[in-house]
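Asker: Take this structure first; my questions come after.
The values are calculated or read from the model by the stated rules, or taken from the named source; none is laboratory data. Keep in mind it's a predicted model, so treat the numbers as computed, not measured. Backbone-built Cβ (ideal geometry, glycine too); neighbour counts: all protein chains shown. Heads up: the accessible areas ignore ligands, DNA and RNA and are worked out on the full protein's heavy atoms, side chains in. Shrake-Rupley method; radii C 1.70, N 1.55, O 1.52, S 1.80 Å.
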Amino acid sequence: MIARGARRPQRPIQLSPALLQQQCDDFNARFPVGQKVTVRRDDGEGVITNTRSRAEVLSGHSAVIWLDGISGCYLLDRVTPLTENAA
């Protein structure tokens, strides 16, 4: 039971497979494999790395990408491409 005045945990918004695919297609059109990125790890730490795959929809429910030096894949929402203008 949730105490009076307490906030209910927010459920993540589930995007349709078509929207997830569009997110991947947009990322892939703008950034090549090998793109320098930062990724927000589970502990909140930001790590600089490079992509080692194209973005893709995993099992119909998540837009993900694989990264150099990191085991497994990360949600595309947690990856930020770095450009030469970024400081």
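Asker: Just to verify a result, which residue in region 60-85, among those that are touching a helix residue (DSSP H, G or I) at 6+ places or on another chain (Cβ under 8 Å) and more than 16 Å from Asp26 (Cβ to Cβ), is surrounded by the fewest Cβ atoms within 10 Å (Cβ to Cβ)?
Answerer: By that ranking, first place goes to Gly60.
Asker: Let me ask something additional. Inside region 41-59, can you point out the residues that are at pLDDT below 95 and open to solvent by 80 Å² or more (accessible area, probe 1.4 Å)?
Answerer: Selection gives Arg41, Asp42, Asp43, Glu45, Ser59.
Asker: Follow-up. Any residue in region 25-39 that is touching an Asp or Glu at 6+ places or on another chain (Cβ under 6 Å), at pLDDT 95 or above and surrounded by 10 or more Cβ atoms within 10 Å (Cβ to Cβ)? I'd like the intermediate steps shown before the answer.
Answerer: Here is the first cut: in region 25-39, the residues touching an Asp or Glu at 6+ places or on another chain (Cβ under 6 Å) are none.
Scanning region 25-39 turns up no residue that is touching an Asp or Glu at 6+ places or on another chain (Cβ under 6 Å), at pLDDT 95 or above and surrounded by 10 or more Cβ atoms within 10 Å (Cβ to Cβ).
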